[in-house]
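The values are calculated or read from the model by the stated rules, or taken from the named source; none is laboratory data. Only a predicted model underlies this, so the values are computations on that prediction, with no experimental measurement involved. Backbone-built Cβ (ideal geometry, glycine too); neighbour counts: all protein chains shown.
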Amino acid sequence: MLITPDISTASYKRQLAKRFDRASLTYDAYADFQKIVLDRLLMMQPLNKADVVLDLGTGTGQALTALSETLSPTYNIALDLSSRMLVTASERYSTLENTYYVCADAENLPLQSDVCDLVFSSLAIQWCLNPLALFKELYRVVRPGGYVVFSTLSQGSMLEISKAWSGIDDKEHIHQYVAFDTLIDNVTASGLNLLSSALSDIPMWFDSPESAIHSLKKVGASFISSERDQVISPSKWKAFLYEYERQRSELGIPLSYQVAFVVAQRPNRV
C-alpha cells in the first residue's frame, strides 16, 4: 500500500478526484516539478511508432502533444480519475486527432486486454492503493512486446515537510510513498520485464515556506485521505512555518522529491 487511509477505497477515490478537479485550472501554472519529470520520462520511452498509446493519469494533457508527434498513434487514450482535468486537457488539445478522453480508475481500466503498444504515466500511480494489482492491470492491457513507461514518487519525498512537523504533532502530513525496491518488486511480480529503473533526487526551491506548500495545493498534490486529518490550528501552522523556515539555504526553501523512473516490457508470447 502506498498509503493506509482510514476510509473506504471508494471514498478515497472520490476525494482524490475532487482534489484534482479543483486543481485543474491552476495545475499548469504551478507544475514546474511535474514538467521536469515529464521531460525526462519522455526521453526514456523506447518507441518511435505506436498504434495505441495510453497516457495514464493524463492530468491537463501535458504529455499528449509529445506522444502524438513522436509516435503518430492511431488511437491516443488520455485517461484520468478527474473529469475536470480531462475537460481542461480536451479543450487545450482539441486539435489533436484520434485522441479519446476517458474518466476512469487506473486500477480498473475500461480497456480490452492486449490493446496498448505503450502505457505512459508521469507522476500518477503514486495515488493508487495497490501497486501489484495496478501493474497486473497494466500487464493485461499492454500487448505482448508492448511497454510500460512511468515515473512515480518514492519513499523519502518531501522530507522537509515531515522534518518541520516533527515535534509539533504526531500526525502524518505527507503521503507515505512506497519504497523504490518494493516498487520494483511489484513491477516484476506482475509479469513485466524490467528494462531500466532509476531513483533520482530532484530538489525544488521556493522563496518561502508558504510558497512551497502553495505549489503542492495548486497541483492537487497535498491530498491526504484519513479520518484522522484535522483542521490545523493557527498556532500549529505558525509553528510549522517557523520550523520549515529554519531549513532555508542560500538557494531558498527546499522541497525535494525522490522520483522513480521505470521502463518495463510485457514479454512476447512464445
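Candidates are the residues of region 167-181 that are out of contact with any helix residue (DSSP H, G or I) (no Cβ under 8 Å at 6 or more places or on another chain) and surrounded by fewer than 18 Cβ atoms within 10 Å (Cβ to Cβ); the one that is farthest from P144 (Cα to Cα) is D170. Does region 246-269 contain any residue that is touching a Gly at 6+ places or on another chain (Cβ under 8 Å), surrounded by fewer than 17 Cβ atoms within 10 Å (Cβ to Cβ) and modelled with pLDDT of 95 or more? Within region 246-269, one or more residues are touching a Gly at 6+ places or on another chain (Cβ under 8 Å), surrounded by fewer than 17 Cβ atoms within 10 Å (Cβ to Cβ) and modelled with pLDDT of 95 or more.
Only one residue in S24, S83 is on the phi < 0 side of the Ramachandran plot, of a type in the set (S, T, N, Q) and either touching a strand residue (DSSP E or B) at 6+ places or on another chain (Cβ under 8 Å) or loosely packed, with under 15 Cβ neighbours inside 10 Å (or both). Which one?
S83
Scanning region 53-81 for residues that are touching a Gly at 6+ places or on another chain (Cβ under 8 Å) and in a loop (DSSP other than H, G, I, E, B) returns a single hit, L81. Of the residues screened, S190 is one that is among the small types (G, A, S), touching a helix residue (DSSP H, G or I) at 6+ places or on another chain (Cβ under 8 Å), surrounded by 18 or more Cβ atoms within 10 Å (Cβ to Cβ) and at pLDDT 90 or above. When region 94-107 is filtered for residues that are at pLDDT 95 or above and of a type outside the set (D, E, K, R), the ones remaining, listed by number, are T99, Y100, Y101, V102, C103, A104, A106.
Could you count how many residues in region 29-39 are in a helix (DSSP H, G or I) and either closer than 18 Å to D80 by Cβ or among the aliphatic types (A, V, I, L, M) (or both)?
So the answer is 7.
Out of L96, L25, L47, L42, one residue alone is outside any helix (DSSP H, G or I), under 26 Å from L199 (Cβ atoms) and touching a residue at least 24 places away in the same chain (Cβ under 8 Å). It is L47. With the requirement that a residue be under 19 Å from L38 (Cβ atoms) and part of a strand (DSSP E or B), what does region 167-204 give you? Correct list: S196, S197, A198, L199, S200, D201, I202, P203, M204. When region 97-134 is limited to residues that are among the hydroxyl-bearing types (S, T, Y) and surrounded by fewer than 18 Cβ atoms within 10 Å (Cβ to Cβ), the one that is nearest to Q62 (Cα to Cα) turns out to be Y100.
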